[in-house]
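Report on the following structure.
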Amino acid sequence: REFTSLHDEL
Amino acid sequence: MNIFRLTGDLSHLAAIIILLLKIWKTRSCAGISGKSQVLFALVFTTRYLDLLTSFISLYNTTMKIIYIGCAYATVYLIYMKFKATYDGNHDTFRVEFLVVPVGGLAFLVNHDFSPLEILWTFSIYLESVAILPQLFMISKTGEAETITTHYLFFLGLYRALYLINWIWRFYFEGFFDMIAIVAGVVQTILYCDFFYLYVTKGESGSNKINPA
């Protein structure tokens, strides 16, 4: 699971 | 990006700036829990490590840098520059009772057992309880300066707006992050008592709130 695609929020 | 998330981020930014300016202008951190501010600095540090590894957008990177910068500047003002005004006798919440369980939970319940993901999960769980030392300090002193209540209002509002953002994203994008949502609900619930006081006392114009 790609970290940045999962967590694009602040 | 949607309006709820944008207003949420701006509300969060407003809270951070209000606190930093309050301490800087009054040259005093009386009534402010340094422990909560250290926890927030830890939250941003563990959550925004991806600043070093990836680029999502100019907005995302800029806000992360501002949040981290202001968090450390606030901690610096409290524990170094205006240390003499720090009210250590009332800032006595045992933060180890927060950090240790949150750290353990981050290892047990996460989306992926990778360092970056576990640190992100730790930061999400920690943020939901990071305000407790501040709320505890206010309950001990029995009052809070008006500007501090505005800080808490915007800080509480930001995650409440994020909850609406997650409803929006689930409905329109099918995006759903159980960990962030559960932690966000807990975080917002912790402010409910304060929100009630803020609204009721705010109307009566009294310059201090006295939580029960």
Report summary line: Only unsatisfied item for B:Ile56, checking (1) within 18 Å of the chain's Cα centre (by Cα); (2) modelled with pLDDT under 95, is (1)
Report task. Among what's in region B:38-59 and is of a type outside the set (Phe, Trp, Tyr) and not in a helix (DSSP H, G or I), pick the residue that is farthest from the other protein chains (Cβ to nearest Cβ). Result -> B:Leu52
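Filter region B:1-53 down to residues that are charged (D, E, K, R) and either more than 19 Å from the chain's Cα centre (by Cα) or surrounded by fewer than 17 Cβ atoms within 10 Å (Cβ to Cβ) (or both), then give me how many there are.
Restricting attention to region B:1-53, the residues satisfying the condition of being charged (D, E, K, R) are B:5, B:9, B:22, B:25, B:27, B:35, B:47, B:50.
Adding the requirement that they be either more than 19 Å from the chain's Cα centre (by Cα) or surrounded by fewer than 17 Cβ atoms within 10 Å (Cβ to Cβ) (or both) leaves B:25, B:27, B:50.
Of the residues in that region, 3 qualify.
The values are calculated or read from the model by the stated rules, or taken from the named source; none is laboratory data. Every value quoted in this text rests on a predicted model; they were computed, and no experiment measured them. All Cβ positions, even for glycine, are placed from backbone atoms using ideal geometry, and neighbour counts span all protein chains on display.
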